[in-house]
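Since the structure comes first, as structure tokens, the remarks are kept for the end.
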Amino acid sequence: MSATFHQMWAELLPIGRGSASGGYRRFAWTAADADCRAWFQAQAQARGLTYEVDHNGNQWAWLGDPTAGDAVVTGSHLDSVPDGGAFDGPLGVVSAFAALDELRLRGAMLNRPLAVVNFGDEEGARFGLACVGSRLTAGQLAPEQARKLRDDDEVTLAQAMERAGYDPDAIGPDPERLSRIGAFVELHIEQGRYLAETPSPVGVASAIWPHGRWRFDFRGEANHAGTTRIEDRRDPMLTYANTVLAARAQARAARALATFGKVSVEPNGVNAIPSLVRGWLDSRAADEETLAAVVAGIERAALEWGERDGIDVAVTRESFTPLVEFAHGLRDEVAGLLAERRPYQVPVLPTGAGHDAGILSAAIPTTMLFVRNPTGISHSPAESALEDDCLAGVAALADVLEGLACG
């Protein structure tokens with residue numbers, strides 16, 4: 001198990017890695033994404049698995065008959081956020097192949113088909129919408145809306161898919177495929193420090209906080225930075241800055257999360273007052289009522305500051321994922337399987353991060369395993385996991401797959 005894990009990790013590690021930041025830029029339908037896809041296909045073929053790509057660009061590697069039904073599927077994604085870490089997504093895919101290798105070493109006899117999957121464009125780093133591959137598959141994203149998504153260079157998703165050799169006209173819901181899946185188990189590095197403060201290298205997910213993305217447009221008046229009096233300015237940057245501060249205050253008061261992590265400025269000149277500042281808000285909370293209240297408070301603050309500053313403010317919700325309660329039956333079964341074979345307690349914990357497992361949970365039973373993250377840092381080159389914890393994750397996933405697919 002250790003040898004195959006190390007080999008796969010070493011092969012995948014250089015793909016899309018920036019020499020300056022040390023982080024990854026594996027964006028959907030780019031050269032780095034193509035290299036990751038080629039790596040996945042090679043892993044499938046090296047193991048004699050049935051390899052296929054669905055019409056939404058998701059990759060599948062099957063052990064057993066893909067059409068038999070009631071399949072057990074595991075995997076995650078290989079794309080990244082800008083300058084992201086090595087583990088978010090890839091750990092789940094590498095661990096899936098390594099767990100399959102472990103099952104073969106054990107001589108496990110499958111009673112259900114088993115598959116490894118790489119869902120496309122999970123992070124949404126290029127086109128601004130997360131989990132595009134799984135959303136399309138589950139019917140939670142209209143194909144016509146997906147095709148119109150644009151990156152910062154005004155390239156549409158449809159154009160990017162075509163350039164990468166895929167057919168954008170074929171994308172859309174895939175209910176027949178989902179009907180053949182009985183359970184999906186996604187292993188992921190924990191994006192927090194809950195496990196770091198316990199003796200447990202592995203945990204089970206209970207739920208995903210509701211979360212969404214909102215675009216705030218602040219429109220003012222471009223003018224000369226050196227000749228325009230302070231009292232004559234309609235500077236949208238000021239309104240944006242005060243909205244960022246308001247977001248922090250709203251989130252703190254509600255024990256929620258609110259982050260403006262992306263901003264664009266026009267005309268973006270050092271000596272020019274902006275005409276437009278556009279900021280993207282990511283907000284999350286333990287329940288939907290709290291999330292709605294936080295976002296409403298931020299929007300209200302933006303409008304109030306805009307009125308004071310002479311700035312037009314518009315807010316657009318770009319995506320929303322409601323509270324996800326993972327299937328209790330599957331979650332409890334997985335926790336039980338792990339408890340039987342672990343010398344440590346296996347915690348059940350919620351997460352504020354979105355995942356493909358959360359998207360698919362509306363259509364099929366899903367659950368997640370988390371691997372301990374010693375710093376809690378994620379979406380950063382500093383993201384890390386100890387080797388022993390990664391291998392503990394592989395062993396745990398193998399035990400779960402064996403219990404589900406061989407029981």
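The values are calculated or read from the model by the stated rules, or taken from the named source; none is laboratory data. Everything numeric here is computed off the predicted structure, so don't read it as measured data. Because the Cβ atoms are built from the backbone with ideal geometry, glycine has one as well, and the counts that use them run over all protein chains shown. For the accessible areas, the whole protein counts, side chains as well, though only heavy atoms, and no ligand, DNA or RNA atoms are used. Shrake-Rupley method; radii C 1.70, N 1.55, O 1.52, S 1.80 Å.
Values for this structure:
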quantity	calculated
Ratio of the Cα radius of gyration of segment 1-139 to 2.2 N^0.38 Å, where N counts its residues	1.04
Surface per residue (accessible, 1.4 Å probe) for the chain, Å²	42
With all protein chains modelled, accessible area of Met109 [1.4 Å, Å²]	150
Only Lys, Arg (+1) and Asp, Glu (-1) charged, at Cβ; the chain dipole about Cα centre in debye	440
Share, in percent, of DSSP beta bridges within the chain that are antiparallel, nearest 5	70
Protein accessible area in the chain, 1.4 Å probe - carbon and sulfur %	51
Per-residue [θ]222 nm for the chain (sum of -39500 (n - 2.57) over DSSP H runs n ≥ 4, rounded to 500)	-11500 deg cm²/dmol
Segment 164-240: Rg to Rh, with Rh as the Kirkwood radius over Cα pairs	1.26
Percent of C-alpha pairs per 20 Å bin, the chain, short to long	26, 55, 17, 2
